[in-house]
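Written below as structure tokens is the structure these notes are about.
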Amino acid sequence: MNKKAFGENLKNLRKQKGLSQAQLAEIIGMSAKNITKIETGKSFPRAENINKLLKLFNVSENVLFSGSDKFEIKQNSNKIEALKIINNASDKHIKIYLSMLKQLRDMINQTEEMLKK
């Protein structure tokens, strides 16, 4: 078990949720000092606290233990950023964005097909 990777994954999830270490500690019933130790890889939480973290962040074990869902988390944040851009755009710009996205999608599909051959 890589305590440092676990700690880094926990830190990323906590920040995505907009929580301080003290807030997270209070929610799951730990001290902020223990959260700091976990996030820096110096300590590891007990099983009951791991379960609380999984429920709080609504993630699979893979996110905390291996970070294998990091791509999915990043992908979701990219989707949110794209939606923010669209929400702030005029109707004219949305039509332009959509047209460009369709062209880009078609180019990517063509490139992928060529690489398969």
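The values are calculated or read from the model by the stated rules, or taken from the named source; none is laboratory data. What you are looking at is a predicted structure, and each value in this text was computed from that prediction instead of being measured. Note: ideal-geometry Cβ built from the backbone for every residue, glycine included; neighbour counts use all protein chains shown. Remember, those area values only see protein heavy atoms, side chains included, never the ligands or the DNA or RNA. Shrake-Rupley method; radii C 1.70, N 1.55, O 1.52, S 1.80 Å.
Annotation: of all residues in the range 25-53 being open to solvent by less than 50 Å² (accessible area, probe 1.4 Å), touching a residue at least 24 places away in the same chain (Cβ under 8 Å) and in a loop (DSSP other than H, G, I, E, B), the one that is farthest from Val63 (Cα to Cα) is Ser43.
Ala22 satisfies every condition listed in (1) modelled with pLDDT of 90 or more; (2) assigned to a loop (DSSP other than H, G, I, E, B); (3) not hydroxyl-bearing (Ser, Thr, Tyr) except (2). Among the conditions (1) crowded, with 16+ Cβ neighbours inside 10 Å; (2) under 20 Å from the mean Cα position of the chain (by Cα), the only one that Lys15 does not satisfy is (1). Residues that are at pLDDT 85 or above and farther than 13 Å from Asn9 by Cα were ranked within the range 54-93; the one that is most open to solvent (accessible area, probe 1.4 Å) is Lys55. Residues that are of a type in the set (Lys, Arg), surrounded by fewer than 10 Cβ atoms within 10 Å (Cβ to Cβ) and part of a helix (DSSP H, G or I) within the range 94-117 comprise just one, Lys116.
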